[in-house]
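Since the structure comes first, as structure tokens, the remarks are kept for the end.
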Amino acid sequence: MKGFKKHIAASIAITAVFVVCALTLSVAAVPVSSPDENSGGTQVHSVASLVPDEIITAAGEASAALTAVEEEAAVEAPQAADPVPVTAPAPDVPEDNPGKDNADVETAKPPSVEPSPVLIINPPKDLAGTFIPEKEPYIQLTWDPNNNKKVYSYFLVYRKLADDDVVQDGPTKPIAKTKKAEYEDYEIKPGCTYRYWVTAVSRTGEESEPSKAIEVETYAPVPPVAPANVTAVAIDPGVSIDWDASSERGLAGYNVYEPQGSSGKWSKINDEPLVDNHYYDVEGLAGSVYAVACVNFYGVESEYVKVEAAQSVAVVYEENDPSITVEGLWVEETYEGPTNGKIRVAEDTGSNLYFTFKGNQVKMIVANYWTCGSANVYIDGVFVDTINQYSADPIYQVVDVNVPGLKSGKHVLTVEVLGSGNPEGDYNFVNIDAFEVR
């Protein structure tokens with residue numbers, strides 16, 4: 001209700017003021033003083049005299065009413081909160097006019113930024129290095145990260161010559177960056193000693209202290225020692241060449257040569273360095289000349305050792321020689337055809353015969369007959385062939401097995417009876433007449 005009264009009073013007051021203002025403007029248009037031509041004097045008019053007394057009284061009452069409304073509103077209105085001061089942005093300071101003229105200008109300060117936490121990174125430990133003298137030599141490095149995987153990002157590998165105590169051209173720079181705790185260094189030279197150390201780098205970019213340094217020596221490319229006790233024996237067929245194995249450090253193997261016509265030059269027979277100290281030339285003959293050399297991983301060869309192939313002499317071992325042992329039932333039988341009139345026979349599956357010998361070649365001499373069957377043959381445990389001794393007509397002194405080009409030394413030939421292979425009957429005998437060794 002109070003609000004409605006206030007609204008009516010304010011409206012009346014505004015209307016009254018509007019009327020007064022309008023009348024005032026109208027009256028103001030009439031001159032206050034003007035000459036009277038007829039009377040010859042000056043006639044003076046008052047503005048108030050032109051406004052009726054009723055209007056002036058109404059305007060006064062309306063003004064008083066408006067004032068009362070404003071006072072009442074001021075009393076009943078709630079107190080407003082203190083205004084929040086607004087700080088004007090600092091004026092820009094010209095870059096080309098710093099100093100005294102701008103000393104009184106307050107510049108805005110950037111907000112403070114908390115620094116990122118620094119990770120504590122440990123140096124790697126247990127650094128180890130090994131020279132690997134392969135065809136492409138390198139140094140293998142390994143180490144213990146000595147940090148949690150969440151801490152380190154990668155490792156830096158450093159290297160310099162061990163006798164280089166003065167660092168040239170400033171601090172030593174890393175030769176590699178790797179995320180693995182290992183590294184293979186192929187940028188090395190023979191006959192040098194290298195010093196290595198490793199650091200770890202955290203995920204925030206901090207580099208650790210260096211690990212404990214190690215030294216690794218590479219082999220010098222001096223010629224290896226020439227092979228010893230080189231022999232060449234002509235067998236049936238070919239030539240078997242042997243020499244003593246070398247235990248020299250950094251040895252890649254051996255090369256075998258033969259003369260190239262009458263030019264005096266040598267031609268290498270093997271494609272890659274031989275790992276074994278043996279070579280078999282299937283086309284060789286008695287009187288053929290060869291040369292053997294040791295070669296290291298740098299491709300440096302020893303002196304050539306020349307040898308001429310000698311004709312071998314066959315040695316025959318009969319079926320009852322002490323060098324022959326058996327498993328199962330093996331029976332000696334007499335015939336007119338075998339080398340000494342006898343053979344050794346077995347039929348049961350799993351019966352084995354073992355012949356131990358030394359030489360570059362072995363031949364197994366047997367008899368073929370209509371009661372015979374099959375057997376497996378092995379040399380030093382390696383399968384050679386499955387033989388079948390069946391024949392409708394008896395045939396003696398048959399070479400069932402011929403293994404040439406064996407490495408000089410001790411070997412074992414094994415005959416394993418299969419108990420099968422006869423196409424005509426239930427008999428499956430396997431027999432041995434003799435062995436010939438060269």
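Some notes on this structure:
- The residue that is most open to solvent (accessible area, probe 1.4 Å), counting only those in the stretch 369-400 that are part of a loop (DSSP other than H, G, I, E, B) and either closer than 12 Å to Asn422 by Cβ or among the small types (Gly, Ala, Ser) (or both), is Trp370.
- Some residue of the stretch 278-300 being within 16 Å of Pro404 (Cα to Cα) and among the charged types (D, E, K, R): yes
Yes or no, residue by residue, for (1) farther than 30 Å from Val399 by Cβ; (2) out of contact with any Gly (no Cβ under 7 Å at 6 or more places or on another chain); (3) of a type in the set (A, V, I, L, M); (4) in a strand (DSSP E or B):
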position: Lys189; (1), (2), (3), (4): yes, yes, no, no
position: Tyr194; (1), (2), (3), (4): yes, yes, no, yes
position: Trp197; (1), (2), (3), (4): yes, yes, no, yes
position: Ala200; (1), (2), (3), (4): yes, yes, yes, yes
position: Gly205; (1), (2), (3), (4): yes, yes, no, no
position: Val216; (1), (2), (3), (4): yes, no, yes, yes
position: Glu248; (1), (2), (3), (4): yes, yes, no, no
position: Ser263; (1), (2), (3), (4): yes, yes, no, no
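- Single residue of the stretch 166-199 satisfying the filter (small (Gly, Ala, Ser) and at pLDDT 95 or above) that is least open to solvent (accessible area, probe 1.4 Å): Ala176
- Filtered by the rule that a residue be of a type in the set (A, V, I, L, M) and either open to solvent by less than 30 Å² (accessible area, probe 1.4 Å) or assigned to a loop (DSSP other than H, G, I, E, B) (or both), the stretch 313-363 gives Val313, Ala314, Ile324, Leu329, Ile343, Val345, Ala346, Leu353, Val362.
- Given (1) in a strand (DSSP E or B); (2) open to solvent by 60 Å² or more (accessible area, probe 1.4 Å), number of the condition Asp163 does not satisfy: (1)
- Qualifying residues in the stretch 253-278 (those that are open to solvent by less than 40 Å² (accessible area, probe 1.4 Å) and of a type outside the set (A, V, I, L, M, F, W, C)) - the one farthest from Val289 (Cα to Cα): Gly253
- Selection status of Asn431, touching a residue at least 24 places away in the same chain (Cβ under 8 Å), out of contact with any Ser or Thr (no Cβ under 6 Å at 6 or more places or on another chain) and more than 23 Å from Val233 (Cβ to Cβ): yes
- Boolean, Asp236 is buried (at least 19 other Cβ atoms within 10 Å of the Cβ) and closer than 30 Å to Pro404 by Cα: no
- The stretch 401-438: number of residues that are in a loop (DSSP other than H, G, I, E, B) and closer than 20 Å to Trp330 by Cα: 9
- When Asp433 is tested against the conditions (1) open to solvent by 40 Å² or more (accessible area, probe 1.4 Å); (2) more than 30 Å from Trp243 (Cα to Cα); (3) among the acidic types (Asp, Glu), the lone failure is (1).
- Count of the stretch 250-261 residues, restricted to those that are over 33 Å from the mean Cα position of the chain (by Cα) and in a loop (DSSP other than H, G, I, E, B), is 2.
- Checklist (1) within 51 Å of the chain's Cα centre (by Cα); (2) assigned to a strand (DSSP E or B); (3) among the charged types (D, E, K, R) applied to Glu303, failing item: (2)
- Residues located in the stretch 213-229, provided they are closer than 24 Å to Val307 by Cβ and surrounded by fewer than 16 Cβ atoms within 10 Å (Cβ to Cβ): Pro223, Val225, Ala228, Asn229
- Flag if Val256 is at negative phi and at pLDDT below 95: no
The values are calculated or read from the model by the stated rules, or taken from the named source; none is laboratory data. Computed from a predicted structure; not experimentally measured. Ideal geometry is used to build each Cβ from the backbone, glycine not excepted, and the neighbour counts take in all protein chains shown. Just so you know, the surface numbers come from the protein's heavy atoms only, side chains and all, with ligands and any DNA or RNA stripped out. Shrake-Rupley method; radii C 1.70, N 1.55, O 1.52, S 1.80 Å.
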